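Colleague: To start, I am sharing the structure in question, which I have written as structure tokens.
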Amino acid sequence: FFCLFSLLNMVLMLLAPPTEWNPDTDHCISSMSGYPATKSIEAAGQAHFDLVVLRSQGKYHDHTEIKIEVTQKEEVKSSTRSDQASSNPIISLYGESDYYKLLNIGHLRWKATEKEIKKAYRKMILNHHPDKQAQAQDEVDDEVFKSISAAYDCLSNPEKRRAYDSKDPFDDTVPSEHEARSEEFFELFSSVFERNSKWSILNDVPKLGNMDDDIESVFNFYEFWRNFKSWREFSAGEEEFDLEEAECREEKRWMERENKKLTKKMKKEENGRLIYLVNLSYKYDPRIINWKEEQEKEKLRKKAERKAAKIRRREEANREAREEQERKEAEAKAIEEKKENEAKQRAIENKQIRKKRPQLRKICRLAREEHDSDPINNPFNPLEEHVEILCKEMNLKQFNVLIKSLQNENGPSSFRNMIIEYNVITPDDSYGLNSLEEDKEADEEPIPNQTVMVEQ
């Protein structure tokens, strides 16, 4: 005997009934652990609900009539829902799978804050609560209530919401270079960056701005997007392996590795797309172009200044080198002139010294003759070898002083002092003079040993 419940899509295979079994009064008999036993079959779920409704209306039919009546009732119910959907926004949510639309925040979507999601959930859950529907309608449908609860459960959890938002349709297109060259740069790229800011982990995402922005804010904008941190999650979709289909643990692990490779590849492509977008925007940003032109002008100006400074330094170095050379030449010339003058002076002195030597020899010869004639009254006796030593060593001034001294009474003392100065005799040697007091008096007037300039 086959008992078919079309509403449950289930077929139950039962044992053959006994001969005394009456379908109107008796129960079904099925085996349990090998022994026959009686067991009542009760409808469950929606079938039980429909059966209760029919029996409350005093209708008792077999399963075929119940099936036909319930089917007709479903068609009427479906048509009633479609008719009420246009006038009742609550009924229009029946069968909706978009979580944001279920909470009536489809216009906000990923921009909705946690507070807005919670507020929308409370509002929708009150409108669709089964108790409220039971008061307003004869029939209670809790599918929308369950969908709203599932939507809030997903959107209130950050991880689940990111996974859900990552599957949301998104425009990944990037403007071409031809479009980037257009005059509507800010209108074009502002919408693109605004759209991609959805994936930013940080909430404070800088705007592209306009031509009036300072260059520092422009650099901060591109620095943010070059270091952009995305929460976007990727799924390989149809290419992804279903882990439930794995026949063994090794195959499941292999599927996991392959899924990770696909996810990693998609993340790499996403990073490449964002980098290309940032570089393209940076390349054709009129603010960056103007800044680069200013930098180039400033670079050329500084280069010209460095070149001019280098020329000035070279000219200054040349001038200093020229002055140094002139100074050295002047010093060399002065030294040469000095040497020439000294040579001329020495020549003049030597010439005069050659004239003074005979005078000194003559005076000393006369003094020796006087000493020879009267040694007592003329004790001064300049030896000839001493005279020659003085003639060889003395300068012109010494010759003049000594010759002048020999012409008076201080001559012998001056002669003695001079030969002492040239270490011819010792200071204790009186050199034939009567007393040493005359020597002391003569010492008070020393004869300097200096070379003097004599006018020609």
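Every read-out reported here was derived from the displayed coordinates using simple, explicitly stated rules and does not represent laboratory data. Quick caveat, the model's predicted, so the values are computed rather than measured. Every residue, glycine among them, receives a Cβ derived from its backbone with ideal geometry; neighbour counts consider all protein chains shown.
Colleague: For segment 175-221, divide the Cα radius of gyration by the Kirkwood radius and give the resulting Rg/Rh value with two decimals.
Modeller: Expressed as Rg/Rh, it is 0.99.
Colleague: Which pairs break 20 Å Cα to Cα here: Lys355/Lys404; Lys198/Lys261; Lys111/Lys260?
Modeller: Listed pairs above 20 Å: Lys198/Lys261; Lys111/Lys260.
Colleague: Here's something else I'd like to know. Can you give the extra length, in nm with one decimal, that the chain gains between Glu194 and Lys265 once fully stretched, where that is 0.36 nm per residue apart less the Cα-Cα distance? Can you show the working numbers first?
Modeller: Details: separation 71, 0.36 × 71 = 25.56 nm, distance 2.46 nm.
Full-extension gain reported as 23.1 nm.
Colleague: Taking a temperature of 10 °C and a viscosity of 1.306 mPa s, what whole-number D in µm²/s does Stokes-Einstein yield for segment 347-425 with Rh from Kirkwood over alpha carbon pairs? Numbers along the way, then the final one.
Modeller: On the way: Rh = 12.7 Å.
After rounding, the answer is 125 µm²/s.
Colleague: Relative to the compact globular guide of 2.2 N^0.38 Å, what is the alpha carbon radius of gyration of segment 144-245, as a ratio? Working shown, then result.
Modeller: Values: Rg = 18.3 Å, N = 102, 2.2 N^0.38 = 12.8 Å.
Relative to the rule-of-thumb radius for its length, segment 144-245 sits at 1.43.
Colleague: Taking R0 as 56 Å, what FRET efficiency do you get between Arg226 and Arg319 from their Cβ-Cβ distance, rounded to the nearest 0.05?
Modeller: Approximately 0.60, to the nearest 0.05.
Colleague: Quick one: plug the Kirkwood hydrodynamic radius of segment 307-380 (C-alpha pairs) into Stokes-Einstein at 10 °C, 1.306 mPa s, and report D in µm²/s.
Modeller: Working: Rh = 17.8 Å.
Taking Rh from Cα pairs, D becomes 89 µm²/s.
Colleague: While we're on this one: Once a ≥ b ≥ c are taken as the square roots of the eigenvalues of the Cα gyration tensor of segment 190-256, is the result rounded (a/c under 1.5), prolate (a/b larger than b/c) or oblate (a/b not larger than b/c)?
Modeller: It is prolate, given that a/c is not under 1.5 and a/b is the larger ratio.
Colleague: If r is the Cβ-Cβ distance from Ser235 to Ser176 and R0 is 30 Å, what FRET efficiency results, to the nearest 0.05?
Modeller: Details: r = 28 Å, r/R0 = 0.94.
Given R0 = 30 Å and the Cβ-Cβ separation, E is 0.60.
Colleague: Do any GluC sites (Glu not before Pro) in segment 146-210 lie in a loop, going by DSSP, with at most 15 other beta-carbon atoms within 10 Å of their beta carbon, and if so which? Spell out each step's value before the answer.
Modeller: Values: sites: Glu159, Glu177, Glu179, Glu183, Glu184, Glu187, Glu194; in loops: Glu183, Glu184.
Here the sparse-neighbourhood loop sites are Glu183, Glu184.
Colleague: Taking the convex hull of the Cα atoms, report for segment 228-291 its projected area averaged over all directions, in nm². Show your work: numbers first, answer last.
Modeller: Details: hull surface 22.6 nm².
Its Cα hull, projected and averaged over all orientations, spans 5.7 nm².
Colleague: Separate question: Could you give the length gained by full extension between Asn341 and Glu216, i.e. 0.36 nm per residue of separation minus their alpha carbon distance, to one decimal place? Mind dumping the intermediate values first?
Modeller: Values: separation 125, 0.36 × 125 = 45.00 nm, distance 7.63 nm.
Full extension from Asn341 to Glu216 adds 37.4 nm.
Colleague: Something else: Please report, in whole Å, how far the alpha carbons of segment 295-344 spread along each principal axis, starting with the longest.
Modeller: 71, 6, 5
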